[in-house]
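A short worksheet on the structure shown next.
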Amino acid sequence: MVFSTSANRNGFVQQTNSSIIDYRLKQGTPFEITLSGAGSITWNNLLYSYKLTREHSNWSDWSTDSKFVFTDIEPGNHICIFKARDAFGPESAELKLSLTIIPNFFRTQFTLIALIILVLLVIYTISRWRTFYFALERFKLESIINRRTEELVKEKEKTDNLLARVLPRETAAELKETGKVNTQKFNMATVLFSDIQGFTKITDELNPENLIDQLDKFFLYFDSVVDKYRIEKIKTIGDAYMCAGGIPHKNRTNPVEVVLAALEMLSYMREINLEHNPGQDIWDLRIGIDTGPIIAGVVGRNKLSYDIWGTTVNTASRMESSGEVGRINISGNTHIFVQDYFLCTYRGKMPIKNKGDIEMYFVDGIKPVLSNNLDLYRPNIEFQTQLQFLRFGDLEEFILEKLEKGLPKNLYYHNLKHTVDVYTQVELIGRSEDVNLEEQLMLQTAALFHDAGHLIDYDTHEEMGVKLAREILPGYQYSERQIEIISDLIMVTKLPPKPKNLLEAIMCDADLDYLGRTDFIPVSNMLYKELHEHGRIGTIQEWNELQIKFIEKHQYFTNTARKLRNVNKNSQLENIKEWIEKNKL
């Protein structure tokens, strides 16, 4: 049997008598085979059958057609087997064709890998582009949000600044948080009224623009003065200026601070007259002051206004209207609080509705001993220290209340009583050691803070006490130098005591004053109980042995403490030793 083959795409025909042919063909090329003969078999009425080993596992049906056409054969190696028979049944020998189908380029493994890589690259590119696109959109949105946020912040700042100019800061904060402001009563506030005299006459001599500019200049200076003394400006009406001390923060220094502010206002007006109109007082100021209870709150809805009411306001207004040009007229109530600081001249009494007759005084200036180079309008260091001591009363009240409410309940020794004991002792020893007024202030302030750190941490309470002092004291107008001294006084109480100067020696002696007191035993027991609960000491026997070692090494540093406590301290030492001996038995 003879093969006759053709591959139309390649345009060639091959004939062979071989029983097996090796043939290579590209995938997709139609492949035609014609069987020409069958060896010894008679050529009449031949039937043909084939089998393609990778495509078909069974022989095809017998057919008289000797031409076979194959298309779309799968790539790979194939064996195509042919046989023939006549009508009577004898079959020829099998003829085989080895057929290798070469895959098209796009069906090769390389192409497949390349396509996969390409698809992955496309997916990655799309993903990255989407990421970039969304990031770009997010950036645009964030930019818009940030810009809008900045605009809102600026608007909020403008609103806050506007509120701060109209209302006290705390009142403005309350209004923003709750939408309303509760009225407050202050038992001791000092109200000041001032009025520029001859204003109507001046309006005839100056053009309106110059007049308003001059008034604005005056009131701007007055604003700086009241800010300096932490006085609250209430309002201006025409040529009248009204302010009050002791609000919205209650304090006991407001009578002195308001009078100081009044002196600065008068001094400024005199300087203006000397500068522009020598020998002629065009701008005259009249001031009235009263001290007493007031009510403060916000009035209005669309146009907010912080205002004050009460008989004290009315009395201050009467003090101003009944005063004299270039003078400060104060009530008897104010005089009670300021007479130790200022020279005052009694004026007599004036009837006030619902209050009866009110005494009046002119303030002539600061007392010479408290003035700066006898300038009765300028306070000296001694004045500032006395005022700071007066302000210290507010600080003392604030800290003691904070300790009473905030100290842990298991502080049996380092409690409020211990702070009061140390506070009392620094005052007693300080006076005996003849420290000056400012040094006494430093000692008493340090005594208030030396154990306040227990509000934060037990082990580092000295460091925490310093931290609290640095946060709180600037609000009570302590200088940086004073705060440094107070910080050192707090830290020197850390055991073992190592004072470097007299103030630190006083602080150390006051802190360990209990060692020489008659109540040493109960105080010592409280300290043991506290340390034991905090895991710092074991048995009472160990505690007493530790106390003996400490007391034997301890010494008081000031003459006052040695005179007051050394004898008792030695006696307590003997008592502890006796107790230890008895308990050994």
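Computed over the alpha-carbon atoms, the chain gives an Rg to Rh ratio of 1.53, Rh here being the Kirkwood radius from the mean inverse distance. Provide, for q = 0.09, 0.17 Å⁻¹, the log10 of I(q)/I(0) from a solvent-free Debye sum over equal Cα point scatterers in the range 391-584. For the range 391-584, the Cα-only Debye profile gives -0.33, -1.15.
So for the range 472-523, Kirkwood radius off the Cα pairs, Stokes-Einstein at 20 °C and 1.002 mPa s: how many µm² s⁻¹?
Working: Rh = 12.5 Å.
Translational D for this selection: 172 µm²/s.
Axis angle, to the nearest 10 degrees, between helix 559-584 and the longest C-alpha principal axis of the chain: 60 degrees.
Which pairs, out of K158/K217; K529/K549; K26/K51, put more than 27 Å between their alpha-carbon atoms?
Working: K158/K217 23 Å; K529/K549 19 Å; K26/K51 20 Å.
Pairs exceeding 27 Å: none.
Segment I126..F88, full-extension length gain: 6.7 nm, with 0.36 nm per residue of separation and the alpha-carbon distance subtracted.
Across the range 490-504, the residues whose backbone nitrogen lies under 17 Å from the label position 7 Å along the beta-carbon direction of H534 are 490-497. The C-alpha atoms of the chain define a longest principal axis, and helix 109-166 lies at about 20 degrees to it. The stretch between N210 and A114 holds 25.8 nm of extra length on full extension. This uses 0.36 nm per residue minus the Cα-Cα distance. Dipole size of the chain about its Cα centre, with +1 on Lys/Arg Cβ and -1 on Asp/Glu Cβ: approximately 2100 debye, rounded to the nearest 20.
With a cut-off of 12 Å between beta carbons, the residues surrounding I551 carry a summed charge of +2, where Lys and Arg count +1 and Asp and Glu -1.
Pairwise over distinct Cα atoms, reciprocal of the mean inverse distance: report the Kirkwood radius of the range 181-379 in Å, one decimal place.
Final number for the Kirkwood radius of the range 181-379 is 17.3 Å.
Greater than 24 Å separation of Cα atoms is the criterion. Which listed pairs, K498/K569; K405/K467; K409/K582; K402/K467; K185/K467, meet it? Don't skip to the end; give the middle numbers.
Values: K498/K569 19 Å; K405/K467 19 Å; K409/K582 33 Å; K402/K467 15 Å; K185/K467 33 Å.
Pairs exceeding the cut-off: K409/K582; K185/K467.
Compared with the dominant Cα axis of the chain, that is its longest principal axis, helix 437-449 is turned about 40°.
How much length, in nm to one decimal, is gained on full extension between A135 and T183, taken as 0.36 nm per residue of separation minus their Cα-Cα distance?
Working: separation 48, 0.36 × 48 = 17.28 nm, distance 5.22 nm.
That pair, A135 and T183, stretches by 12.1 nm at full extension.
Is the C-alpha gyration tensor of the range 109-166 telling us rounded, prolate or oblate? Criteria: a/c under 1.5 is rounded; beyond that, a/b larger than b/c is prolate, otherwise oblate. Don't skip to the answer; put the middle values down first.
Values: a/c = 14.54, a/b = 10.29, b/c = 1.41.
The shape class here is prolate.
Remark on the range 332-471: hydrodynamic radius 18.0 angstrom, per the Kirkwood mean of 1/r across alpha carbon pairs.
Cross-link pairs exceeding 28 Å in C-alpha to C-alpha distance, out of K156/K303; K228/K349; K494/K577; K228/K417, comprise K228/K349; K228/K417.
For M350 and L374, a Förster radius of 35 Å and the Cβ-Cβ distance give a FRET efficiency of 0.65, rounded to the nearest 0.05.
Every number in this text was worked out from the coordinates using simple rules, so none of it is lab data. These figures come from a predicted structure and were not determined experimentally. FYI the Cβ positions are ideal-geometry reconstructions off the backbone, even for glycines, and counts take in every protein chain you see.
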